[in-house]
Amino acid sequence: MDQKLRIELSKQGIVTTTLEELYNWGRKNSVWPMTFGLACCAIEMIATSMARYDLARFGAEVFRPSPRQADLIIVSGTVTKKMAPQVVRLYNQMAEPKYVIAMGACAISGGPFKQGYNVLKGIDRYIPVDVHIPGCPPRPEALIDAFMTLQKKIDAQTLTGEGRPRHLDPEAPSEFVVPRFGAHDLEPPNNPEVFRILNNIDSCAAGEVDAGGD
Ligand code: SF4
């Protein structure tokens, strides 16, 4: 609908919307994070949910104790190779649509422990990350900013067509391979399916930008 007409109608007390907007509005304002932390970054995450920063203002009211009740996993802290299979397993157990925030230098790249033989160099090797937060540790404001970025991302999702999100693509996987300990390292060393999905999403987004630019 024409934006000017919509504004004009709203001045007359008539609210117009689409099913897509309603669907996205409901989801973006009721994201349920999982009670889950790995290291020092988790303390900042806990602070974000306390009274001073009050993540509940954004609809993320109570951290859920079970992956079955959560649709957001905040990977907050150092992911050791010992913990990586557990993180992927928790992600697999969450219901769709589900999202991932990688919080802190450790979660996105291994951080100060990058050279450690026991630390995973980024959880995006195994599960698709929606928002990365740099920093060591990122402050609660950074997590709130990431949360708002995720909300904008959800709000912009379409229900059909090329740019539709992963959970609406019947061919996209909902579960990813859980790495196992091999002779020398985790096997597989990464999940190529994750990179394929992210590349697809990026190329769709680039296509939309190009189309708009023309
Ligand atoms: S990024 Fe820094 S604060 Fe966060 S878990 Fe790693 S070492 Fe700790």
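The values are calculated or read from the model by the stated rules, or taken from the named source; none is laboratory data. Small disclaimer: the values here were computed from a predicted structure and weren't measured. No Cβ is skipped: glycine too gets one built from the backbone with ideal geometry, and neighbour counts run over all protein chains shown. The accessibility values were calculated without ligands, DNA or RNA, using every heavy atom of the protein model including side chains. Shrake-Rupley method; radii C 1.70, N 1.55, O 1.52, S 1.80 Å.
Taking the longest Cα principal axis of the chain as reference, the axis of helix 140-155 is set at about 50 degrees. Summed over the residues of segment 1-154 and divided among them, the accessible surface reaches 51 Å² per residue at a probe radius of 1.4 Å. Spin-label model, GLU193 to SER30: label points 7 Å out along the Cα-to-beta-carbon direction sit 2.8 nm apart. Using the average count of surrounding beta-carbon atoms within 10 Å as a protection proxy, the listed peptides 90-100, 111-121 rank, highest first, as 90-100, 111-121. With all pairs of separate Cα atoms included, the chain yields a Kirkwood hydrodynamic radius of 18.6 Å. Across the accessible surface of segment 1-114, with the other protein chains kept in place and a 1.4 Å probe, carbon and sulfur atoms take up 61 percent.
Treating the Cα atoms of segment 108-201 as identical point scatterers in vacuum, please give the log10 of the normalised Debye intensity I(q)/I(0) at q = 0.12, 0.15, 0.18, 0.24 Å⁻¹, two decimals. Here the Debye-derived log intensity ratios amount to -0.51, -0.77, -1.01, -1.26.
Of the beta bridges in the chain, as assigned by DSSP with both residues counted there, near 25 percent are antiparallel. At full extension, ASN92 and GLN3 could sit 28.0 nm farther apart than now, given 0.36 nm per residue minus the alpha carbon distance. Helix-only arithmetic for the chain: the sum of -39500 (n - 2.57) across DSSP H runs with n ≥ 4, divided by the residue total, places the mean residue ellipticity at 222 nm at -12000 deg cm²/dmol. Pop out the carbon and sulfur fraction of the accessible area of segment 145-199 as a percent, whole number, probe 1.4 Å. Taking all protein chains in place, segment 145-199 shows 52 percent carbon and sulfur surface. Which pairs, out of LYS11/LYS152; LYS121/LYS153; LYS28/LYS81, put more than 30 Å between their alpha-carbon atoms? Correct reply: LYS28/LYS81. Spatial offset of segment 168-187 relative to segment 1-45 amounts to 31 Å, using the alpha carbon center of each. Between GLN69 and THR17, the contour length at 0.36 nm per residue exceeds the alpha carbon distance by 15.9 nm.
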